[in-house]
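Here's the structure we're looking at; comments come further down.
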Amino acid sequence: MKDLHFFDANCRIGNDLDIMPKTAELLSDLDRYGVERALVRHNAIRWGALPSNSQIAEMVREDTENRLVGVWCIMPDSCGEIPPPDQFFKLMKENRIGAITLSPFEHRYVPRHNVIGKIMDAAAERKIPVLLDAFAEKWNQLYDFMEEFPKNTCIYTEACGKWGYDRQIRPLLDTYENFYFGTAGYWVQDGLAILAKKYGAERLIYGSNFPRYNHGCGMMQVKYSGLDHESVAKIAAGNLDSLLKGAQL
């Protein structure tokens, strides 16, 4: 397809063991497959949210072409680990961070409104995307989370528990208009076309799950989904770009 741009919503770089890809490796891989931009989170979020936030900010700064947008992890405010929402979002903007995520199970808290409601409500008001990669095959917890935070803009980016779970996925798309579905790991014949026709191509977002999967595999899935060029362009980059531009940081 001509003039098709890709914006990868599902990339991880860096970790404490210094063996995962970093900024240069990701940019090189993006070039190899022809992906223009990427939304990146730190691979060590589940081990340490606050150090990973500062490290991903440093890695994003290494990208002098502004192709990378970072993701920060939130924490409950009960222990004073992150600043108040207004200050937190101001720091996000200053560090080219465009979205947030959470790892409640590793960080030992229950992701409910009386725990993280203050920052989640502020994120909903500002339309800041929330990546839900922590809920891999945790369907009960994911359903509970969406009931708690129905107004938040959420992208289900996890990539290991989608194949064969349409009866779990589709009710979320049916119920929550701000719930977006990442393509990584959804290896279903004609699956993207069916979802796009049922819920709209605007609800689907390309992601590779780099470095576990390469960018090209997911690109092929989108390019040859059978959808028209306009729909493919939305999934490939347009939807994510619109969400990030719409966030009021």
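Bear in mind that the values in this text are calculations on the coordinates, not laboratory data. Nothing here was measured: the structure is a model prediction, and the numbers come from that model. Virtual Cβ from ideal backbone geometry, glycine too; neighbours counted across all protein chains shown.
Some points to look at:
- Residue within the range 40-55 that is of a type in the set (Phe, Trp, Tyr), farther than 24 Å from LYS118 by Cβ and in contact with a Gly (Cβ under 8 Å, 6 or more places away or on another chain) present: no
- Residue within the range 154-172 that is assigned to a helix (DSSP H, G or I), out of contact with any strand residue (DSSP E or B) (no Cβ under 6 Å at 6 or more places or on another chain) and polar (S, T, N, Q) present: yes
- Selection count, the range 173-185, where residues are over 15 Å from the mean Cα position of the chain (by Cα), of a type outside the set (Ser, Thr, Tyr) and outside any loop (DSSP other than H, G, I, E, B): 2
- For beta carbons closer than 7 Å, sequence separation of 6+ or different chains, a first residue in the range 137-158 that is touching a residue at least 40 places away in the same chain (Cβ under 8 Å) and a second that is of a type in the set (Ser, Thr, Tyr), the qualifying pairs are ILE155/TYR180.
- Only one entry of ASP190, ASP144 meets the criterion of being more than 30 Å from ASN114 (Cβ to Cβ) and among the acidic types (Asp, Glu), and that entry is ASP190.
- Subset of the range 180-211 [hydrophobic (A, V, I, L, M, F, W, C) and without any contact (Cβ under 8 Å) to a residue 60 or more places away in the chain]: PHE181, TRP187, VAL188, LEU192, ALA193, ILE194, LEU195, ALA196, ALA201, LEU204
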